[in-house]
Amino acid sequence: MIRKKNWISFLIAVAVTFGGQGCDFNAAEDAFDDIGYIIELEPINTTVTLQVLDASTLRPISGDVNIAFSGTVASSLVDVYSDNLQLTRLSGGVFSFGVANSVVPSDSSPASLTVMATREGYFSSETTVSMKRTGSHSLVVTLLGADLTKDTAGSQNSKNTSGSSSGGVVSQPVVISTAPTSQTQATATVEIPTGTVLLTSTGTPLTGQLSTELTVFENTPEGLSEIPAAARVDDNGNPISIAGAAFFRVTDSAGNVASSFVPPPPGKFGKNPGCGVEEFQVLIDVADSADGDYSAYIVRLPDWVQLEITGQVANGVMELCVTPDNWAFFQDGQPSDGYLFIVAAFFGPANCELDAATTFTFSWPNNQTQLNIAVNGPGVYYESFGVNPNVALGMSDLTGLSPASSFPPGTYTFTDPQGFVQNAEYVHSCPSASQQLVFPVVPPVNFIDASVTASVACPAGTNVPIVGEISGFALTYQRASSSGAPQLVNSDDVTIVEGPAGCSGDECLFWDHALVTVRGVASGENYLFTAVLGEDTDEQTLRMGANVNYTADDASYVDQCQ
Amino acid sequence: MKKIPFLIIATLLFAGTSYSQTRVGIAFQASTFGPGATVGVQIVPGVNARVSGYMASGSTSDDVTDDSNDVTVAFDADITLGGVSLLFDWFPFKNAFHLTGGVFYNNIGAEFSGAPISEYKYSDSKTFSADKLGSLSGEFKYPSIAPYVGIGTGNIVTGGRVSFVFDLGIAYVGSPEFILEGQGMIAPTARHAATINKGIESFKYYPFLSLGIGVRL
């Protein structure tokens, strides 16, 4: 018989056995200790990366730029968190955002978006992108600095203080010219005679020492590319066949800016050579132009309203005689920054539209990279950023102009900054015939498709608490030795990876890195990469190889780690 | 969850015995399953059967501000204890000491929810609304059936007219299940559920301690 004492001993042993196995409080505590928020952003089907570049360097402009959107989808823009976009000012020159998913761009219903960028010290400019598909798109605005202090290829500037005004009347004439350089052959000259009264927009005369700035642009791709886009089209949106351009400004020692003038009384002061007594002279090089009458456009800034006048060309130089009415055109009581921008146009055969069925395809087999394509025609130059290869495009896609725009007849060449696009020409005649042109894209043999692993420099034990798609993430890259604009990685070439290899437990819950295929880069060369998520940017210079690591260490990214 | 009234089980017990011979007792107790009531009958001399029902619940709510991000979150939680048990007592020493075995229908669980009620300022130019951030809700529960073994004192069926009843034992409740669901931007936070379940999977045993007063009818 089992004694009672033995039963109790047995039961105690059983209780200890079960109780001893019991609960692992350490494991439970560890499990709850690391709980933190994990977020997922709504996918955005159509994304845009906006870049505001300095036209002289094609590098993003640092500092604040004012932004205004217009177009068919301007009211449907969202930030990378899918909230209504409230952007009116951009810092850092790069920003990513999206279009509401309710908008589905297509060939039959393209989504049009125009951005106007303004910044003090730069001529304002705008760019339009027509989106015909979902996915990533590039929107690039180039701003020309009004105060060019260094010469660039295609433009030349000059400053002097040769003139002076006494009692509001020019007593020493303003004579300013630019000189040709090894980079720029075009020149321009402005002469404002004695007896002229220079007035501000409120009618106040300039007095004392006069400072004059003059910049000339020559009729080359480099020169034309720097002319603000709004100055390259007429009031009907048709591209101007530009023979040359210049802008100048006159200020006095108090900082007053001349925005109109009163001519000298007839016969009392020296006559302006080449122009009438009530005019002042502007001379602009218009190389390769035959002698005769030409159109010129005086452009009012900052809203780019144009006034067409006539100039005469002799020996490759256009003479423009600016009348008080020409300049007084700007004197409407509105604040004026005083820049007089003049664009001289070729006066040749009539422009005409391209045939509606004319298309251009850049053929790059098995490739998703977006190209930056420049279109160079007779006095016409446009750059299109983020062009998709293997897609039939119209001239409007490559220039941002309306499909109904009229182009000057002549030969148009298509190039890209890296030289991948070869032998790409289109001959435009009026009337235009339908053409479907396919241009090969052939990178040199040392150009590779690099695999870039992009991550964030999170402190040990922390992660970026995001999962799922990050639709608004964009990556731009440009060859350090290139003068071209940054290229945009296609969103299809970005793969999000959650959890590091071999992870366990909570390590697997978070975004770990993005695998990015960057196509057509020169192995062994340095490229400047910019990661963009909304207004957060990070820059790294990486030496290209088959496999490259990009670790974002900007505070805006690292601060997200938890 | 479907609740099986313990009175039905009690009725079935009575159906197996003759009324004139049935010895019955009742008890009221407080336990780790909550306060409850018991009906007991003698099956054979030295063996009783008890059917008990337990129930207790509580709720709490609070607004908590996370100092690291200045977000105020409204929390609500409801906790439920209780269940139904069918236990068999064996009195080996012909006194009040008994060994007990049986099964619990476990109703222990909790539900909770939390949602931000303030904005979250992400940066100087970006603030997320509470609606945008979303909410989390969850549930904690055990498998329904839990076998039990234990010891105790007190015989409400054949002991004194009024008796003190005590039970101490272990119910094998199985690994608890933690369910987490999310809405809005923070919805993926629910992914933590797998890690939490792994951390609490060892909590398979639930202590049963009961103290009460029995009355022999």
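What the table shows:
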item	result
Number of the condition not met by A:Ser402 [criteria: (1) modelled with pLDDT of 90 or more; (2) of a type in the set (Ser, Thr, Tyr); (3) within 22 Å of the chain's Cα centre (by Cα)]	(1)
Those strands (runs of 3 or more DSSP E) lying entirely in the stretch A:424-535 with at least 2 residues in contact with a helix residue (DSSP H, G or I) (Cβ under 6 Å, 6 or more places away or on another chain) and within 14 Å of another protein chain (Cβ to nearest Cβ)	none
Positions within the stretch A:27-55 being touching a residue at least 12 places away in the same chain (Cβ under 8 Å) and of a type in the set (D, E, K, R), in sequence order	A:Asp34, A:Glu40, A:Glu42, A:Asp54
Residue within the stretch A:190-208 that is over 19 Å from A:Ala254 (Cα atoms) and among the hydroxyl-bearing types (Ser, Thr, Tyr) present	yes
Filter result for the condition that a residue is modelled with pLDDT of 90 or more and over 30 Å from B:Thr127 (Cβ atoms), over B:Gly182, B:Gly160, B:Gly212	B:Gly212
Residue in the stretch B:30-47 that is in contact with a His (Cβ under 7 Å, 6 or more places away or on another chain) and farther than 30 Å from B:Glu177 by Cα present	no
Condition check for A:Ile8: modelled with pLDDT under 80, more than 30 Å from B:Asn197 (Cα to Cα) and within 9 Å of chain B (Cβ to nearest Cβ)	yes
In the stretch B:136-161, the residues that are among the aliphatic types (A, V, I, L, M) and surrounded by fewer than 17 Cβ atoms within 10 Å (Cβ to Cβ)	B:Ile145
Residue check for B:Thr60: touching an Asp or Glu at 6+ places or on another chain (Cβ under 6 Å) and farther than 22 Å from B:Leu211 by Cβ	no
Residues located in the stretch A:369-424, provided they are of a type in the set (Val, Ile, Thr) and either under 15 Å from A:Gly484 (Cα atoms) or free of Cβ contacts under 8 Å to residues at least 60 places away in the same chain (or both)	A:Ile373, A:Val375, A:Val387, A:Val391, A:Thr411, A:Thr413, A:Thr415, A:Val421
Filter result (in a helix (DSSP H, G or I) and either out of contact with any Phe, Trp or Tyr (no Cβ under 7 Å at 6 or more places or on another chain) or buried (at least 24 other Cβ atoms within 10 Å of the Cβ) (or both)) within the stretch A:186-223	A:Glu222, A:Gly223
When residues of the stretch B:193-212 are limited to those that are assigned to a strand (DSSP E or B) and either hydroxyl-bearing (Ser, Thr, Tyr) or facing chain A (nearest Cβ under 7 Å) (or both), the one surrounded by the most Cβ atoms within 10 Å (Cβ to Cβ)	B:Ser210
Residues being under 28 Å from B:Ile213 (Cβ atoms), within 17 Å of the chain's Cα centre (by Cα) and more than 9 Å from chain A (Cβ to nearest Cβ) - total across the stretch B:151-190	3
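The values are calculated or read from the model by the stated rules, or taken from the named source; none is laboratory data. It should be emphasised that the depicted structure is a prediction, and the values quoted were computed from it without experimental measurement. All Cβ positions, even for glycine, are placed from backbone atoms using ideal geometry, and neighbour counts span all protein chains on display.
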